[in-house]
Amino acid sequence: MVDARLTSYPFSRLTMALAVGIFFSDCFLPEGNTVVWCLAGCLLLAVAFMLRAHRSGGYRFRFTFGVLSLVAFGLLGAMLTQQERRKVQYDWPIDEATYIGTLAEAPVRKARSWQLTLNVEAVRDSLLGWVPVDKKAVVYQMPDSTCKPLVIGDRICFNVRMSSPSVEASPSVGFDYGNHLLRSGVGGKAVLYPGKLLVLSADEGVQMSLKQNALRWRERVVSVFRSWQLSPDVQAVVAALTVGDKSGLSSDLKSSYSAAGTSHVLALSGLHVGLLSAILLLVLSPLRWVRGGRWLLVGVSVCVLWLFAFITGLSPSVVRAVSMFTFYEVAFVLSESRFSGFYPLVLTAFCMLVYCPFYLFDVSFQLSFVAVFSILFFYPYFAGLFDISNRAFRFVYQAVCLSLSAQLGTLPLVLYYFGAFPVYFLLANIVVTPLAVCILLFTILSLAFSSLSFMAGWFLYPLQWSVSLLNATMEWVSGLPGAQITSIHTSVVQSALMLFGLYVLALLMSKFSFSRLACLLLTLNVLAFSILIDNYYHKDSLLFYHKSVYLRSNREMSKLTSAHHIYKVKDLHIALMNDARWTGYSSREKKKLHYAYLCGGFRGDIKGLSHLFDIHTIVFDSGINEKYKKRLMQESYSLGINYIDLSGKGSYSILL
């Protein structure tokens, strides 16, 4: 019971095997294992033997050869994943050290700091001098009035205590920020305090990578947008929708688009590439009637789209969409018939996973590929239900079918990652597509005539009007009663069952059979049983994470608060200690304390606390100074008090 498109094209099976190998290696062999390399060598010998037998003995071993080929690509995925992880990881010095690095991306404003993404070039060693590093790190710079604003390409010398990202799920719906950093190619993180940064050279004196040059060009385009003096929300949407710069989007604007189910329009993806390619094909359509015009049309379109990808900073989502379009158009020129949309999609996925296996765990990667797969499966069925002759109504109906197909396929992932469902997504997406086309078109024209101020103004007014209408519509849709259903969380198993059920449903709609119907009903029953089991056996838990204590129920979190930082949860007594308030206190009777959570800012010693509390376990946060923490741990050990260090874990949970 497999769709013919999944078996007739070899790369589909090989890509699935590659993805399985990547997933298995990342989840079960994160530190790497030499056994995998040995198995790979043995497998290559086995494949060579089977290939020889296949050539000499006909087709007797074709099934075995096929299985071995799939296993070989699975091992290839596992080895690529381990190699990628080793390229990211680094043994940073335990103590504070001096580093030299280059700013790789534009600084991002956070609540209390600036997030700097740096390419760390070298670290200063007292014996060896400057030791090469060549790793990426995320550094949070505390506000410093003496330091000028940094730009992409600045080479800096800084003094921090660098550490590897803690691989541990945070309380927030189990999101593992440390693993997310590792999968993003970030091998270190640190906090940079004022007075510990020196700019070595201006950005012009540093040879920048292609990615950095692309980001610099994006900054230049955004500066042109600022010169147009549009209203803040309009300028923010224009920058996000055209070049992928979301730094100007306010939280209210993001919430409106999210509740309306149109957040995808603010994140550059296949939608924007598709709209731009449609505009290009329409403008360049006269080339079809010229001799050799088909090659010229495809060449110009592909070049313009890759230029667009460069100006938008070469983000993975845009590169993915442009790569798929390139494969599709090249195959269109080389073959007599249209290249099925399924094949370039699979080929793009295969190439991207070979280039970077960690793309598999990127949420945008998963959502975009699943959305396109879903459109290819469901859209022909929905669009064929009704034959509408009126052009305007047919456009609206096709837009509804397209949105419904994409939303249906991505629903399991949306529930798993975000736990929310936009109720009026169909209504909102009917408006989004035509307005997005207008915004792209007017932005391109405004940029093209930006040097002629009197002509640029002709296009700025309709641009301002289009974006304002889009924002007002999204705000109106998000304000409708019951616009968004929240707190619907699913597990990994439940999301996988939903995806498989949707795949079986697509097969059933293409061709009815009782076996497919039985498989769909069985999948739905297993899904329902899984939900019942989760609800029946679910237990609340207590989590210590990032200087706070949380009570977790399913995937909903509530932060414990108290004036004295002492909490009681069921039969447990917990104290959060992040200052010197307990120093000098005295008590005639010790109070029972099951957990004492010591965080950065704590002043005192364990002996003094033991005079006030009967402590069972001490939890040390990763933010405490290492030397101070070691002394407190030795003191806890001598007093016979259990302790837990979160430095290598990130968080600690207790089942209630």
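The values are calculated or read from the model by the stated rules, or taken from the named source; none is laboratory data. None of these values were measured; they are calculated from a predicted model. Here Cβ is always computed from backbone atoms with ideal geometry, including for glycine, and neighbour counts include all displayed protein chains. Heavy atoms of the whole protein, side chains included, go into the accessibility calculation; ligands, DNA and RNA do not. Shrake-Rupley method; radii C 1.70, N 1.55, O 1.52, S 1.80 Å.
Structure notes:
- Two numbers describe the Cα atoms of region 499-639: Rg and Dmax, which are 24.8, 79 Å.
- Per-residue extension of 0.36 nm, minus the Cα-Cα distance of Trp476 and Gln634, leaves a gain of 50.9 nm for this segment.
- Spin-label proximity, Arg226 to region 293-314 - amide N less than 18 Å from point 7 Å beyond Cα toward beta carbon: 312-313
- Less than 5 angstrom separates the built amide H of Trp130 from those of Asp125, all sequence-distant by 5 or more or on a different chain.
- Carbon plus sulfur fraction of accessible area for the chain, probe 1.4 Å, in percent: 63 percent
- Fully extended contour minus Cα-Cα distance, from Ala122 to Thr486, at 0.36 nm per residue: 126.4 nm
- Förster radius 41 Å - calculated FRET efficiency between Ile654 and Trp217 (Cβ-Cβ, nearest 0.05): 0.25
- Long-range HN-HN contacts of Val549 with modeled amide H, under 5 Å: Leu560
- Annotation for Ser209 and Ile279: the two label points, set 7 Å from Cα along the Cα-Cβ direction, are 3.0 nm apart.
- Phi to ³J(HN,Hα) by Karplus 6.51 cos²θ - 1.76 cosθ + 1.60 over region 288-301, Hz, x for Gly, Pro: 4, 8, 8, 4, x, x, 5, 5, 5, 4, 5, x, 5, 4
- Centroid-to-centroid separation of region 468-518 and region 369-437 [C-alpha atoms, Å]: 10 Å
- Region 139-162-region 602-652 distance, computed between alpha-carbon centres (Å): 32 Å
- Which listed pairs, of Lys547/Lys630; Lys570/Lys591; Lys87/Lys547, have C-alpha distances above 20 Å, in listed order: Lys87/Lys547
- Cα-based helix-to-principal-axis angle, 316-334 vs the chain, degrees rounded to 10: 20 degrees
- Unit Cα scatterers, Debye sum, region 383-464: log10 I(q)/I(0) for q = 0.12, 0.13, 0.14 Å⁻¹: -0.57, -0.63, -0.69
- Most to least packed among 351-364, 256-269 [average Cβ atoms within 10 Å]: 256-269, 351-364
- Over the chain, relative contact order from alpha-carbon pairs under 8 Å, at least 6 apart, %: 10 percent
- Charge context of Ala260, other residues only, Cβ under 13 angstrom, K/R +1, D/E -1: -1
- Mean accessible surface per residue for the chain, computed with a 1.4 Å probe while every protein chain stays in place, in Å²: 53 Å²
- Straightening the chain between Arg294 and Arg391 buys 32.2 nm, computed as 0.36 nm per residue apart minus the Cα-Cα spacing.
- Residues Ser255 and Asp540, FRET efficiency given R0 of 30 Å [Cβ-Cβ distance, rounded to 0.05]: 0.60
- A crude spin-label estimate for the pair Tyr193 and Asn642, with each label 7 Å from Cα along the Cβ direction, gives 3.4 nm.
- Taking every DSSP helix (H) stretch of at least 4 residues in the chain, weighting each as -39,500 (n - 2.57) and dividing the sum by the residue count yields a mean residue ellipticity at 222 nm of -18000 deg cm²/dmol.
- FRET efficiency, Val437 to Trp458 (Cβ-Cβ, R0 25 Å, nearest 0.05): 0.85
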